[in-house]
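Undergrad: Take this structure first; my questions come after.
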Amino acid sequence: MPWRDQIQRHLLEQRPESVCALDEAAYRMAQAILPATPVSRPDNPPNTLCTLALGIDVLSHLNAPQAHRLINHTRLYVAPRILLAAQPDCALDAAAFRALGFMLSATDPADATRVFHYDLDTYKTVPDWLNARYWAHPERWNT
């Protein structure tokens, strides 16, 4: 599936309440796919968190440390969900995206563009041992 179609599918499934475009290409794409949704321009970031941050060309001219800083800033201050297109010249590889909590959605066979998504609510599954069964049992205490 072409990467633009994959991004469109994500946007239509998620129907975010607001989108923060990280570059002009992302702004144009979000406006075209979600015309009723408020989309903030990359040169005019919102004062509050958006539901989703979208980046198409934002990583293309960044080196790895700059890309890490941009992604971390976006997660903390812009949006809890991120959808990024990583062009073939992206400084981050699949392992770097995984280390940042991203999941690979698709790879376009035509031009090797990869689509990654991040969602704060689901990026880490809760381990089985982290539940009430394995915590203290007050009924077993000697009083």
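Undergrad: Take the alpha-carbon centre of the range 7-21, take the same for the range 106-120, and report the distance between them in whole Å.
TA: What the calculation gives is 15 Å, centre to centre.
Undergrad: Need one number: nm distance between label points at L104 and E13, each 7 Å from Cα along Cα→Cβ, rounded to one decimal.
TA: The answer from the label model is 1.7 nm.
Undergrad: Between D57 and R28, with labels modelled 7 Å along Cα→Cβ, what's the label distance in nm to one decimal, could you check?
TA: Rounded to a tenth, the inter-label distance reads 0.7 nm.
Undergrad: Further, regarding this structure: Round to the nearest 10 and give me the degree value, 0 to 90, for the angle of helix 64-73's Cα axis relative to the longest principal axis of the chain.
TA: 70 degrees
Undergrad: Follow-up question, since we're still on this one. What angle do you read, to the nearest 10 degrees and between 0 and 90, between the alpha-carbon axis of helix 24-33 and the longest principal axis of the chain?
TA: It works out to around 80 degrees.
Undergrad: D89 versus N47, label points 7 Å from Cα toward the beta carbon: distance in nm?
TA: For D89 paired with N47, the spin-label model returns 3.8 nm.
Undergrad: How much of the DSSP beta bridge set in the chain is antiparallel, as a percent to the nearest 5?
TA: Values: 10 of 18 bridges.
If I count the DSSP bridges inside the chain, around 55 percent turn out antiparallel.
Undergrad: Towards the positive end of the charge dipole of the chain, with charges on Cβ (+1 Lys, Arg; -1 Asp, Glu), say which of V58, F102, L92 has the farthest Cα.
TA: F102
Undergrad: With +1 on each Lys and Arg Cβ and -1 on each Asp and Glu Cβ, and nothing else charged, work out how big the dipole of the chain is about its Cα centre, in Debye to the nearest 20. If you can, show how the numbers build up before the last one.
TA: Numbers: 13 positive and 15 negative charges, 75 e Å.
In total the dipole reaches around 360 debye.
Undergrad: Further question: Working from Cα positions, state the angle (0 to 90°, nearest 10) between the long axis of helix 3-14 and the longest principal axis of the chain.
TA: Here the helix axis deviates by roughly 50 degrees.
Undergrad: At a threshold of 8 angstrom on Cα-Cα distance, excluding pairs fewer than six apart, so keeping six or more, what relative contact order does the range 3-140 reach in percent? Walk me through the intermediate numbers first.
TA: Details: 219 pairs, mean separation 29.1, N = 138.
21 percent.
Undergrad: Between beta-carbons, use under 15 Å as the cut-off and find the net charge around H68, counting Lys and Arg +1, Asp and Glu -1. Intermediate values should be presented prior to the final figure.
TA: On the way: positive: R69, R75, R98; negative: D93.
It works out to a net charge of +2.
Read the figures in this text as sums done on the coordinates, not as results from a lab. None of these values were measured; they are calculated from a predicted model. When we count neighbours, we look across all protein chains shown, and the Cβ atoms used for this are built from the backbone with ideal geometry, even at glycine.
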